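This report refers to the structure that appears directly beneath it.
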Amino acid sequence: MARDRVHELETYERDGFVCLESFVTADWLSRLNAAMERLIDESRTAAPGDWRFDPEPDHTADAPRLRRINTPVDLDPTFAEFALDGPATDLAVDMLGPDVRFHHSKLNIKWSGGGEEVKWHQDIQFWPHTDFSPLTIGIYLNEVDDQMGPMGIVPGSHRGELFDLRADDGSWTGAIRDEDLDRADTATAVYLKGPAGSATVHNCCAIHGSAPNTSPRMRPLLLQTYSRADSYPLLGVGTNGKISSSAHSLVRGAAPDRITVGGRTMPAAPDWYKGKYTSIFAQQQGPDS
Ligand SMILES: O=C(O)CCC(=O)C(=O)O
């Protein structure tokens, strides 16, 4: 069925999320699954603490059980192409407009027979930006049904309260406190399911979570996060600056020369994060000085 991009965008803006059934082609799906299988194989012999893998406690070489593969874009060119210059990038443009930055990616595997729950939370508290445009595109690499812990999202919550994801003693839990859950309205959550290759898109402020996977099939969900090009991660907070060699790269369009922070817009310097900066002297006196 042909996509109706206007309807997808209207749904995303109204609800804070949208689900696109069978978004990924069969060819991409088999490439992504093959790349995941290669990494799962590598996890069999990985040393404990290898940053690439987040294993379940009973993970072994003979019977791997991973919760997550970290930064897949840095680990396999298939994931890099898909997220940085492929179908996920194109979908980000559909939702955000022509100028788009990549932030990070991860592959939540949610293994068969008990893969762990993800408690209710919002994403933006983990990696605050200068605006609330960031969104995450998820691709289900398997068909997902109710038993497999599909992602549940509370419609309209992207416009509501931003919750504290700390415990009463101030320690970070990454989950909305039990006593706040009534206000989070999680009973109204919509669970996103579909055939393999279906895409989920959710805004960084949307409340979401997922139950354990009680089925005999794993539920790999490939997640990649983007923002508008004029949205900047606030360094020194959460995972910003830590998570991917491609973090913050412009994947489509042009970088703006104006930045709005705290309601004020300023003309700003180019991005010298990855080199090319000399000094104010060299810049003011010109290249031949
Ligand atoms: O894997 C899921 O169901 C949800 C993923 C998620 O919310 C996260 O990893 O932040």
Completion exercise
All-but-one check, Phe132 against (1) within 14 Å of the ligand (Cβ to nearest atom); (2) within 16 Å of the chain's Cα centre (by Cα), failing number (1)
Practice task
Return yes when Ile124 is among the aliphatic types (A, V, I, L, M) and either away from the ligand (no atom under 16 Å from the Cβ) or part of a strand (DSSP E or B) (or both) and no when it is not.
Solution key: no
Handout entry: Residue in the range 189-202 that is surrounded by the most Cβ atoms within 10 Å (Cβ to Cβ), counting only those that are in a strand (DSSP E or B) and within 12 Å of the ligand (Cβ to nearest atom)
Key = His202
Practice task
Confirm whether Pro155 is more than 12 Å from the ligand (Cβ to nearest atom) and in contact with a Ser or Thr (Cβ under 8 Å, 6 or more places away or on another chain).
Solution key: yes
Practice task
Take Thr78 and decide whether it is more than 16 Å from the ligand (Cβ to nearest atom), surrounded by fewer than 17 Cβ atoms within 10 Å (Cβ to Cβ) and either at pLDDT 95 or above or not in a loop (DSSP other than H, G, I, E, B) (or both).
Solution key: no
Problem - Matching residues in the range 171-183 - criterion: being in contact with a Phe, Trp or Tyr (Cβ under 6 Å, 6 or more places away or on another chain) and in contact (Cβ under 8 Å) with a residue 40 or more places away in the chain - result: Ile176
Completion exercise
Across the range 208-235, the tally of residues that are crowded, with 20+ Cβ neighbours inside 10 Å, within 10 Å of the ligand (Cβ to nearest atom), over 14 Å from the mean Cα position of the chain (by Cα) and not in a strand (DSSP E or B) stands at 1
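The values are calculated or read from the model by the stated rules, or taken from the named source; none is laboratory data. Note that the structure is predicted; figures quoted are calculated from it, not measured. Glycine gets a Cβ as well: all are built from the backbone with ideal geometry, and neighbour counts include every protein chain shown.
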